[in-house]
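Since the structure comes first, as structure tokens, the remarks are kept for the end.
The values are calculated or read from the model by the stated rules, or taken from the named source; none is laboratory data. In this text the structure is predicted, and so the values were computed from the model without any measurement. Please note: Cβ atoms are built from the backbone with ideal geometry, for glycine as well, and neighbour counts cover all protein chains shown. Accessible surface areas use protein heavy atoms only, side chains included; no ligands, DNA or RNA. Shrake-Rupley method; radii C 1.70, N 1.55, O 1.52, S 1.80 Å.
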Amino acid sequence: SRDSSVLLSVRSLVCVPVPVRGSPAGALYADARGHRAAFSDDDVAYLELLGRLAGVVIENLDHTERLETQNLVLRSVLRDETRYVAVSPAMEAVLRRTKLAAATDSTVLLSGETGTGKEVLAETLHRLSRRRDGPFIAVNCAAVPDTLLEAELFGLAPHSGVAGAPPEGRPGRFERADGGTLFLDEVGDMTPATQARILRAIETLATERVGGTHAVPVDIRIVAATNHDLEEQV
């Protein structure tokens, strides 16, 4: 009575579960089309055997992935690439995602409550990345007064006219992180104006010092963190 069965000329079909740890994780399906031959009980038994074998393969792959993750963590600890020793499935999943992110140059946002180790995780991501030999520069955006945050991030141009600024100028955190990773902690506490400047710097991979007139190119990877629910605030 199914349109698909009629259109495909399905004469006979069989479907068996793929069990993983005693529960069905999927199914194997086969059909016979265009002739009147039907599947036999022997065919069903054969497919059930294949389903059980497939389940064993899936379970072994999952076990292998867990072992590889644990091995990565232990080797990282020995090389001092991470200060995490994870044994819970939740933290193993976090470290698996960190490993995947470290293989790219994508901007990363870490969300979590205060004290959950976001900066340690950011350092781990840096040490597992191709930028491991470059600097890891961290700035707590909530700890720097808003009036000073732009100068802290983007630096001061020579003779910028800013009170107390050295005449030769000063590089900001973006420039100091060149070739490495810039960690922006508590980005949820920035003002919209500062956020706009940072967005511009991320898009162009260049910064302009406060009081300056030309852009300074930077080769950095941004990792940000917040304890705010940014989607809810948006």
Round to a whole angstrom and tell me the spacing of the C-alpha centers of region 107-179 and region 46-72.
-> 43
Across 173, 221, 197, the residue with the highest GNM fluctuation in the chain (Cα network, 10 Å cutoff) is 197
What residue among 101, 151, 196 shows peak mean-square fluctuation when the chain is described by a Gaussian network model with Cα springs under 10 Å?
-> 196
Roughly speaking, what is the stretch gain from residue 114 to residue 229, that is 0.36 nm per residue apart minus the C-alpha to C-alpha distance, in nm to one decimal?
-> 40.2 nm
For Kirkwood radius over Cα pairs in Å, the listed values are (1) 19.0; (2) 22.2; (3) 20.8; which was obtained by calculation from the structure presented?
-> (2)
Taking 0.36 nm per intervening residue step and subtracting the Cα-Cα distance, what contour gain separates residue 196 from residue 29 on full extension?
-> 54.8 nm
On the accessible surface of the chain, probed at 1.4 Å with all protein chains in place, carbon and sulfur together account for a percent value of 55
Want the number for residue 8 to residue 57: 0.36 nm per residue separation, take away the alpha-carbon distance, what's left?
-> 14.5 nm
Calculate the dipole size of the chain relative to its Cα centre from +1 charges on Lys and Arg beta carbons and -1 charges on Asp and Glu beta carbons; express the result in debye to the nearest 20.
-> 560
Ignoring ligands, DNA and RNA, what accessible area per residue does the chain give at 1.4 Å, in Å²?
-> 61
Using a 1.4 angstrom probe and counting only protein chains, how large is the accessible area of residue 63 in Å², to 10?
-> 100
